[in-house]
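*Asks:* Sending over a structure as structure tokens; questions will come in a sec.
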Amino acid sequence: MANMSYCRFRNTQSDMDDCLDAIRQGKSLSAEEARAGRRMFDDILEFCRDYGIIDTYDSAVDELSEKGDEDDE
């Protein structure tokens, strides 16, 4: 179900907190969930770059993305 516009970010923040807690606790992710997380992360970075919030992606981010692609093989 889609979030209502008046609480879209509040609900998303709660979901993001849940995702980050799971990662911090080392909980296992399915390959599909890991890919979805990486796509979301890439989308956020691209948005930040496109709107001048950041200049470019850090090399560590590129390395992380490459490692994730290797894990998918």
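*Asks:* How much accessible surface does THR12 have with a 1.4 Å probe, in Å² rounded to 10?
*Replies:* We get 70 Å² for THR12.
*Asks:* 7 Å from Cα along Cα→Cβ at both ASP43 and TYR57: what's the point-to-point distance in nm?
*Replies:* Distance between the two pseudo-spin positions: 1.6 nm.
*Asks:* So how much accessible area does MET40 have, in Å² to the nearest 10, using a 1.4 Å probe?
*Replies:* Only protein atoms counted, so the area is about 90 Å².
*Asks:* Calculate, in nm to one decimal, what CYS7 and ALA22 gain on full extension: separation in residues at 0.36 nm each, minus their alpha carbon distance.
*Replies:* 3.1 nm
*Asks:* How large is ³J(HN,Hα), in whole Hz, for each residue of segment 25-38 in order, when computed from phi with the Karplus curve 6.51 cos²θ - 1.76 cosθ + 1.60 and θ = phi - 60°, using x for Gly and Pro?
*Replies:* Here the 3J(HN,Hα) series is 7, x, 5, 6, 10, 5, 4, 5, 5, 5, 5, 4, x, 5 Hz.
The values are calculated or read from the model by the stated rules, or taken from the named source; none is laboratory data. Remember, it's a predicted structure, so these values are computed and weren't measured experimentally. Because the Cβ atoms are built from the backbone with ideal geometry, glycine has one as well, and the counts that use them run over all protein chains shown. Ligands, DNA and RNA are stripped out before the accessible areas are found, and what is left, the full protein with its side chains, is counted by its heavy atoms. Shrake-Rupley method; radii C 1.70, N 1.55, O 1.52, S 1.80 Å.
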